[in-house]
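Shown next, in structure tokens, is the structure this report addresses.
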Protein chains: 4
Amino acid sequence: MNMVRPTQTSTSLLQQQYQNTRAYSESLCKPLHIEDYVPQSVAYTSPPKWSLAHVTWFFETFILKPYMPNYQVFHPDFNFLFNSYYQTVGERAVRAQRGLMTRPTVEEVYAYRTHVDEYMHKLLNQTLSPKIQALITLGINHEQQHQELLITDLKYTFALNPTHPVYHPDFNLVTDENTSKGWLHINEGVYEIGHQGDGFCYDNELGRHKVFLHDFQICKALVTNAEYIAFIEDSGYRNFNHWHDDAWSWVESNNIQHPLYWQKIDGLWFHYTLAGLKAIAPDAILSHISYYEAHAFASWKNMRLPTEFEWEVASHQLDWGKRWEWTSSAYQPYPNFSISEGAIGEYNGKFMVNQMVLRGASAATSQGHSRHTYRNFFHPQLQWQYSGIRLAQQQVGDI
Amino acid sequence: MNMVRPTQTSTSLLQQQYQNTRAYSESLCKPLHIEDYVPQSVAYTSPPKWSLAHVTWFFETFILKPYMPNYQVFHPDFNFLFNSYYQTVGERAVRAQRGLMTRPTVEEVYAYRTHVDEYMHKLLNQTLSPKIQALITLGINHEQQHQELLITDLKYTFALNPTHPVYHPDFNLVTDENTSKGWLHINEGVYEIGHQGDGFCYDNELGRHKVFLHDFQICKALVTNAEYIAFIEDSGYRNFNHWHDDAWSWVESNNIQHPLYWQKIDGLWFHYTLAGLKAIAPDAILSHISYYEAHAFASWKNMRLPTEFEWEVASHQLDWGKRWEWTSSAYQPYPNFSISEGAIGEYNGKFMVNQMVLRGASAATSQGHSRHTYRNFFHPQLQWQYSGIRLAQQQVGDI
Amino acid sequence: MNMVRPTQTSTSLLQQQYQNTRAYSESLCKPLHIEDYVPQSVAYTSPPKWSLAHVTWFFETFILKPYMPNYQVFHPDFNFLFNSYYQTVGERAVRAQRGLMTRPTVEEVYAYRTHVDEYMHKLLNQTLSPKIQALITLGINHEQQHQELLITDLKYTFALNPTHPVYHPDFNLVTDENTSKGWLHINEGVYEIGHQGDGFCYDNELGRHKVFLHDFQICKALVTNAEYIAFIEDSGYRNFNHWHDDAWSWVESNNIQHPLYWQKIDGLWFHYTLAGLKAIAPDAILSHISYYEAHAFASWKNMRLPTEFEWEVASHQLDWGKRWEWTSSAYQPYPNFSISEGAIGEYNGKFMVNQMVLRGASAATSQGHSRHTYRNFFHPQLQWQYSGIRLAQQQVGDI
Amino acid sequence: MNMVRPTQTSTSLLQQQYQNTRAYSESLCKPLHIEDYVPQSVAYTSPPKWSLAHVTWFFETFILKPYMPNYQVFHPDFNFLFNSYYQTVGERAVRAQRGLMTRPTVEEVYAYRTHVDEYMHKLLNQTLSPKIQALITLGINHEQQHQELLITDLKYTFALNPTHPVYHPDFNLVTDENTSKGWLHINEGVYEIGHQGDGFCYDNELGRHKVFLHDFQICKALVTNAEYIAFIEDSGYRNFNHWHDDAWSWVESNNIQHPLYWQKIDGLWFHYTLAGLKAIAPDAILSHISYYEAHAFASWKNMRLPTEFEWEVASHQLDWGKRWEWTSSAYQPYPNFSISEGAIGEYNGKFMVNQMVLRGASAATSQGHSRHTYRNFFHPQLQWQYSGIRLAQQQVGDI
């Protein structure tokens, strides 16, 4: 979790946000069977059941227990089961085995949600201090983050099923096309980076500060499937010159030959989507590639990815928001970054090594959970997010 | 699967056996929640959902499809999903990921069972050739094997849950004590080994043949928890002299210090059982040890395990049947062993390396699924069966 | 190490044996450069430098230190460095890193040999008790075992060098052909197995005992390269029906497609030998196959491997001794097997799980180090010994 | 390899530099026995024999072959054996097995050096184009880099030997103490970063560009052993709050408890040095820590590491040069970074992910091989370089 900044929110608005967020999590699970709530397909994903309980545990632990008098803990075991970051060897073992915890049942998890919601509604009917309001806002944003993960993790699990389950026929998420094209030119100079104003943000966006940017241009469009297929067909995955050394090991060890969820059937490209197995639309925007692939593609184009600072400066003049866009920036602290005290601060800082920043938002991102200064981050080999490529370059040119 | 021998069974008896076996599988699942049907905790176990479908697939594939005119296959994907042994690289990948297949649902699997049962009942009402009767008997025995695995696999999964779920308060299975003691003496000579008579047996029991046994004596009682605790307290797990070289690597790599499911709480030994976490009863028979541990314990006692031939000869004068008993015999073919043609024969033979024979039966073994000639077998490090120790030695002595 | 049986050897004969054995080890190293003494290519091999020192350490530790008054230990560190089996975690770490111990130098190891030899010569000029004579005989046999390993381990290392180093142009070892053909028939009955008489043997051969054998026939010839190539060309490595389950995992995980040291160049089979890279002679006897491969080949022929008892009984009427012959027997103790006390007994017993027995001897086996009752053993996947295949079957037939 | 910039060097000076560099490599090997040249202790190190040949291969491949008429290649196999980066699967396999290539011998490698030196001397007596001069300068710098690796790799191998070999009694390298203390303050502003002028530099230093730095202060002294011992004694390795998430996994998986080469004997700290095992001097500068440890220590001090830009700006007012100093900057390209064409350019760019920048130089760095703009880089878990910690912070304070 991470530090929350006090924001000016009226309680009734906060109450509405809380209800909407909680309801949206449950609406995302409507198409699921109970079986779908259980598995954890790979260590970096979580079972839907666990996610629904974990975001609830957050409200219970950081808000109800300390600030709601007479709060009745729902179940004494749940603090242990749904606490994601408390660090002991034993706990780590549990983390990789979330998919093996068949109990509590899905029904019990929903009862847990109801129990916490009832107390939260009581709390939200009271006049709340800015600190408590801020914590509730943080809990809402935390649940929104897990809503996106719920979707991407579910896709990962469903894709392993040889029968290609359909989550929902209208929930494809990867059919959209670019609405702009050409290059946006930005002049060199000192720019300000980082969050400002009263709105919510995470601690890693704070500490507005200056950076010097040299002239650059950035593409108004994201890379399409057709453009990426050209890279594949030009043996992009077999030419080590385009790849980082660590990337090349990853390609060879895992025999990577295309984006995640893609497969070739009788010479045609298909991909698994949450609407089932679909033919790949050439003009749709590319998705589900790793940083390694994004960098290799850019190298093949004789271009590069933008830095996260270039992206933030340019973003006010760009269309963005249906794909997370890999930047060339390693995820590192801003000047003056400081970690909040206690468990609430144990989140963003500890991932500031070996991960790359993504900017923007994806079609799976919850409404209201994106902004120009938002810093997403993942290890460079991960493909399971709705991640795409925006190109940049120093000199004037054209794709 | 494995070869079936024609047996003299009346169709009505067979029908009864079929119904009982199918009903027993479902009764074992009565205490389960839907979530419990899903996970596969480790590669050598299977999810209950998969087991229920796989044994059904057996009847569909080897009996209904070839011998039931107009049989309607329940679902075309199921042959792929519930076929355990057809060997391709892709299929292997599926094997380790059975716990990630959330679909078909539990409800669909029960519908599959009902569908197959209906056709099987029609078939069983007809006059059946000995060959078909034999195949049905094989299917029944196959389902009985999976009933035992369903219990042991479920215990493995539940044991990983820090909340110690109770499967059923009356289903402890590990509280029984020895009813006999002392040694049984067997004289040297040529003995006959292997199955004879009309009853059902697996192919690995066939080929009745002679072996020469030297004088030996075998313990009438199995090793108790108290006796094994003495081994632990005498630093049995820290003294490499008692262990095979491969066993010692296993002990050190996995930091093995006690039987599976045991833990020490405040100086007292407890173990997880299907009735929940229980204090260990000193006089109850030991369970859940690997061959490596059984051998080390015997070495510490200056004794040895019996060979499977010694066990078979002695078994007619012994109490047995609540624990699988590790023998000192590697699992190898009998003289004249031959593998049946086709998929039905692809089972017992291919495991005849690196595994050790267990004789007897456990409290989890289905009724009617044990006999003096039955050869069970597992890799020497596996602990998750209800496995115990019976000692033997060459010279006259006493424990 | 392993128990030695008192033997009737005159001291002068023993002195001769000692000198011959020690000299032969050094003559095997004549073609080496200092660099060749250093590496350990894989955990189950040893560097030549280590082997030369380890066999010397044996004489120092078990004979000179206890029985030679005023013996001066050569170097206090050597007990730690060249002791192969003393079991602690730290020592294990050293075992896999023998190839990284650049010191002591080769020159120092030869000085160590000279030092120990001088004391041994003094000792051998005295009248020795049967016990000491027996220990020296054991030391001689121990060094002979390591002579064979020195050859096979060196081949393994040289084969990894893309330049195909020539150890010696006359030391090919794999060109010999069969001198007999057809089948030898053995009648059923009780046979005696195990060592008898006054000669040296290892503890695992002791305990002469009876076994019952059924009628069988065994091939007078070993399988040739041409026969094995037919198996390869019939897709033997791609047909899982011939392979044990564990074997198939090994084939797939390691992409095994032929015996060790083989490669196909422009459609022709070559193999690395200690005389360099050579074309494979079709009529020469096959070498460097694992048990898994031996079993699969036999299955493809619709035959089987002999048991180690069948081999021992038949061996008096067979030509054998240029290849180790995989038997179908798991390596297990004979009735009445007992382990010697102390470190001298810490050898044969602890390998009696997960390994298969080989009988015979190879072209790399030292002279005088083979007999009808000798039991060699390795894990079933290992190929680096000069190992071959002799077929057997129950019924009368012909290859 | 990496791009070289044309530099204004007279040929006679270049000749002198060449001779000095070549001679220094061989003088570093004077204390070695032939055995010491052979092993590769871990994948990221190289055997001394390989290093000596590889730097020679560089001159042969990029200078003599293309620019020296009538050059006779020393041995056709050497291009394959000593080429470090040509990327194929087979070549990769060779990379991890450099320590198993016993041939060519050390003597042959020295003959290779002599052969190439003779031709290089002839070439250096001629008038050379700036391009060839630049390539020779690059070759010299390349050999200097390998001189440092030769020292650090040798230390890694020797340290694994339980007998603590002494490379040279005067070559300790880790006894020096700080000569300054207190903080250096730097004001915010736009600064220029990157190489300028005519001197040699690597491609990753090029593209002088502007960065904006905020006010900061940087420590004039490096962290001492005593300060780091205080971290250890305050349970620094057991408190996950100080560690990155990936770092914590590394600490736990590898049971890291102290810097590389340290051990506690009877309550006192010792470390292996190239002068043998020595007591740790409290006031000497800390060495052999990973980035993960550097970051955790800084966190424990409530400070941080400097960025590489802060370091470069401050370095003109700091003492530096006996330790590589971990910065908080991920290794990434400068604006306008471009990769040279062909194999000569296949080096720096491909490591620009997952690695951290170190600035400064160590006591093992060759003379003339350090500058304010030099960017060294390693994966964050590596400890085997002479790496230390310099602290920085935003606010005014004191250690």
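The values are calculated or read from the model by the stated rules, or taken from the named source; none is laboratory data. Owing to the predicted nature of the structure, the values given are computational and were not obtained by experimental measurement. No Cβ is skipped: glycine too gets one built from the backbone with ideal geometry, and neighbour counts run over all protein chains shown.
Specify which of the listed residues (D:His271, D:His295) is more than 14 Å from chain A (Cβ to nearest Cβ) and under 19 Å from D:Trp384 (Cα atoms).
Numbers: D:His295 fails: more than 14 Å from chain A (Cβ to nearest Cβ).
Of the residues listed, the single one that is more than 14 Å from chain A (Cβ to nearest Cβ) and under 19 Å from D:Trp384 (Cα atoms) is D:His271.
Considering each residue of segment B:340-351, count those that are surrounded by 21 or more Cβ atoms within 10 Å (Cβ to Cβ) and modelled with pLDDT of 90 or more, and give that number.
1
Here's a check for you: in segment C:302-316, which residue that is within 14 Å of chain B (Cβ to nearest Cβ) and not aliphatic (A, V, I, L, M) is surrounded by the most Cβ atoms within 10 Å (Cβ to Cβ)?
Taking segment C:302-316 first, the residues within 14 Å of chain B (Cβ to nearest Cβ) are C:302-310, C:313.
Narrowing the set further to residues that are not aliphatic (A, V, I, L, M) leaves C:302, C:304, C:306-310.
Details: C:Asn302: 10, C:Arg304: 20, C:Pro306: 28, C:Thr307: 22, C:Glu308: 26, C:Phe309: 19, C:Glu310: 26.
Checked segment C:302-316; the qualifying residue surrounded by the most Cβ atoms within 10 Å (Cβ to Cβ) is C:Pro306.
Any chance segment A:237-246 includes a residue that's within 14 Å of chain D (Cβ to nearest Cβ), of a type in the set (S, T, N, Q) and more than 18 Å from A:Ser329 (Cα to Cα)? Even if it seems obvious, please write down each step before you answer.
Start the filter on segment A:237-246 by keeping residues that are within 14 Å of chain D (Cβ to nearest Cβ), which leaves A:237-246.
This time we only want the ones that are of a type in the set (S, T, N, Q), so: A:239, A:241.
When the remaining residues are screened for being more than 18 Å from A:Ser329 (Cα to Cα), the result is A:239, A:241.
Yes, because at least one residue in segment A:237-246 is within 14 Å of chain D (Cβ to nearest Cβ), of a type in the set (S, T, N, Q) and more than 18 Å from A:Ser329 (Cα to Cα).
Can you tell me which residue in segment C:168-179 is surrounded by the most Cβ atoms within 10 Å (Cβ to Cβ), limited to those that are in contact with a strand residue (DSSP E or B) (Cβ under 9 Å, 6 or more places away or on another chain) and at negative phi? Before you say what the answer is, go through the steps one by one.
If we filter segment C:168-179 for residues that are in contact with a strand residue (DSSP E or B) (Cβ under 9 Å, 6 or more places away or on another chain), which is where we start, we get C:169, C:171-178.
So of that shortlist, the ones also at negative phi come out as C:169, C:171-172, C:174-178.
Details: C:Pro169: 10, C:Phe171: 16, C:Asn172: 17, C:Val174: 25, C:Thr175: 14, C:Asp176: 16, C:Glu177: 14, C:Asn178: 16.
Only one residue tops the list, namely C:Val174.
Can you tell me which of (1) within 14 Å of chain C (Cβ to nearest Cβ); (2) outside any helix (DSSP H, G or I); (3) of a type outside the set (Gly, Ala, Ser) is the one D:Pro169 doesn't meet?
(1)
In segment A:247-268, which residue that is surrounded by fewer than 19 Cβ atoms within 10 Å (Cβ to Cβ) and part of a helix (DSSP H, G or I) is nearest to the other protein chains (Cβ to nearest Cβ)?
Here the answer is A:Glu252.
When you scan segment A:145-167, do you find a residue that is of a type outside the set (Gly, Ala, Ser), touching a strand residue (DSSP E or B) at 6+ places or on another chain (Cβ under 6 Å), within 26 Å of B:Tyr37 (Cβ to Cβ) and modelled with pLDDT of 95 or more, even just one? Steps first, please.
Of segment A:145-167, the ones of a type outside the set (Gly, Ala, Ser) are A:145-158, A:160-167.
Subsequent filtering for residues that are touching a strand residue (DSSP E or B) at 6+ places or on another chain (Cβ under 6 Å) retains A:164, A:166.
With within 26 Å of B:Tyr37 (Cβ to Cβ) added as a condition, the list becomes A:164, A:166.
Among the residues that remain, those that are also modelled with pLDDT of 95 or more are: A:166.
Within segment A:145-167 (the criterion being of a type outside the set (Gly, Ala, Ser), touching a strand residue (DSSP E or B) at 6+ places or on another chain (Cβ under 6 Å), within 26 Å of B:Tyr37 (Cβ to Cβ) and modelled with pLDDT of 95 or more), the answer is yes, since at least one residue qualifies.
From the list B:Lys122, B:Lys155, B:Lys181, B:Lys131, which residue is closer than 30 Å to B:His214 by Cβ, charged (D, E, K, R) and touching a residue at least 24 places away in the same chain (Cβ under 8 Å)? Please lay out each step first, then the result.
Working: B:Lys122 fails: closer than 30 Å to B:His214 by Cβ; B:Lys155 fails: closer than 30 Å to B:His214 by Cβ; B:Lys131 fails: closer than 30 Å to B:His214 by Cβ.
After ruling out the rest, the residue left standing is B:Lys181.
Being within 15 Å of C:Thr163 (Cα to Cα), modelled with pLDDT under 60 and either under 23 Å from the mean Cα position of the chain (by Cα) or loosely packed, with under 13 Cβ neighbours inside 10 Å (or both) is the filter here, so list the residues in segment D:70-94 that pass it.
D:Gly90, D:Ala93
Have a look at D:Thr152, D:Thr137 and point out the one that is farther than 27 Å from D:Leu318 by Cα, in the same structural domain as D:Ser27 (by TED's automatic domain parsing), of a type in the set (S, T, N, Q) and under 19 Å from the mean Cα position of the chain (by Cα).
Working: D:Thr152 fails: farther than 27 Å from D:Leu318 by Cα.
Criteria check complete, one pass: D:Thr137.
Tell me which residues, restricted to segment D:95-120, are outside any loop (DSSP other than H, G, I, E, B), modelled with pLDDT under 95 and buried (at least 19 other Cβ atoms within 10 Å of the Cβ).
The first filter runs over segment D:95-120 and keeps only residues outside any loop (DSSP other than H, G, I, E, B), leaving D:95-96, D:98-100, D:106-120.
This time we only want the ones that are modelled with pLDDT under 95, so: D:95-96, D:98-100.
Of everything in segment D:95-120, those that are outside any loop (DSSP other than H, G, I, E, B), modelled with pLDDT under 95 and buried (at least 19 other Cβ atoms within 10 Å of the Cβ) turn out to be D:Arg98, D:Gly99, D:Leu100.
Just to be sure I understand the filter: pairs with C-beta atoms under 8 Å, separated by 6 or more residues or on different chains, first member in segment C:51-78 and within 14 Å of chain D (Cβ to nearest Cβ), second member of a type in the set (S, T, N, Q). Which pairs pass?
Within 8 Å, the pairs are C:Leu52/C:Ser25; C:Asp77/D:Thr163.
Got a sec? Which of C:Val211, C:Val223 is assigned by TED's automatic domain parsing to the domain that holds C:Trp300, surrounded by 20 or more Cβ atoms within 10 Å (Cβ to Cβ) and more than 21 Å from C:Arg323 (Cβ to Cβ)? Spell out how you get there, then give the answer.
Values: C:Val223 fails: more than 21 Å from C:Arg323 (Cβ to Cβ).
Of C:Val211, C:Val223, the one residue that is assigned by TED's automatic domain parsing to the domain that holds C:Trp300, surrounded by 20 or more Cβ atoms within 10 Å (Cβ to Cβ) and more than 21 Å from C:Arg323 (Cβ to Cβ) is C:Val211.
Could you give every pair whose Cβ atoms fall below 8 Å, whose first residue belongs to segment D:239-255 and is within 16 Å of A:Ser338 (Cα to Cα), and whose second residue is of a type in the set (Lys, Arg) and not in a loop (DSSP other than H, G, I, E, B), counting only separations of at least 6 or pairs across chains?
D:Trp243/A:Lys350; D:His244/A:Lys350
Mind listing just one residue for me: the one in segment A:269-297 that is among the small types (Gly, Ala, Ser) and not in a loop (DSSP other than H, G, I, E, B) and, of those, surrounded by the fewest Cβ atoms within 10 Å (Cβ to Cβ)?
Let us first name the residues in segment A:269-297 that are among the small types (Gly, Ala, Ser), namely A:275-276, A:279, A:281, A:284, A:287, A:290, A:294, A:296.
From the residues that got through so far, the ones that are not in a loop (DSSP other than H, G, I, E, B) too are A:276, A:279, A:284, A:294, A:296.
Working: A:Gly276: 15, A:Ala279: 10, A:Ala284: 19, A:Ala294: 26, A:Ala296: 24.
Top of the filtered list is A:Ala279.
Here is a list: C:Val223, C:Val211. Which entry is touching a helix residue (DSSP H, G or I) at 6+ places or on another chain (Cβ under 7 Å), within 13 Å of another protein chain (Cβ to nearest Cβ) and at pLDDT 95 or above? Spell out how you get there, then give the answer.
Values: C:Val223 fails: within 13 Å of another protein chain (Cβ to nearest Cβ).
C:Val211 is the lone residue from the list that is touching a helix residue (DSSP H, G or I) at 6+ places or on another chain (Cβ under 7 Å), within 13 Å of another protein chain (Cβ to nearest Cβ) and at pLDDT 95 or above.
Checking A:Ser328 against (1) of a type in the set (Ser, Thr, Tyr); (2) within 11 Å of chain D (Cβ to nearest Cβ); (3) within 13 Å of A:Val223 (Cβ to Cβ), which test does it fail?
(3)
Name the pairs whose Cβ atoms lie under 6 Å apart, with the first residue in segment B:30-45 and within 13 Å of B:Tyr167 (Cβ to Cβ) and assigned by TED's automatic domain parsing to the domain that holds B:Ala96, the second surrounded by fewer than 15 Cβ atoms within 10 Å (Cβ to Cβ) and not β-branched (Val, Ile, Thr), and 6 or more positions between them or separate chains?
Going by the 6 Å Cβ cut-off, the qualifying pairs are B:Pro31/B:His168.
Please find, among B:Gly199, B:Gly189, B:Gly182, the residue that is surrounded by fewer than 20 Cβ atoms within 10 Å (Cβ to Cβ) and at pLDDT below 95. Working first, answer last.
Details: B:Gly189 fails: at pLDDT below 95; B:Gly182 fails: at pLDDT below 95.
Only one candidate passes the filter, namely B:Gly199.
Does segment A:146-163 contain any residue that is among the β-branched types (Val, Ile, Thr) and at the interface with another protein chain (Cβ under 10 Å from one of its Cβ atoms)? Write out each step before concluding.
Going residue by residue through segment A:146-163, those that are among the β-branched types (Val, Ile, Thr) are A:151-152, A:157, A:163.
Next, from what is left, pick out any that are at the interface with another protein chain (Cβ under 10 Å from one of its Cβ atoms): A:157, A:163.
Scanning segment A:146-163, I find at least one residue that is among the β-branched types (Val, Ile, Thr) and at the interface with another protein chain (Cβ under 10 Å from one of its Cβ atoms), so the answer is yes.
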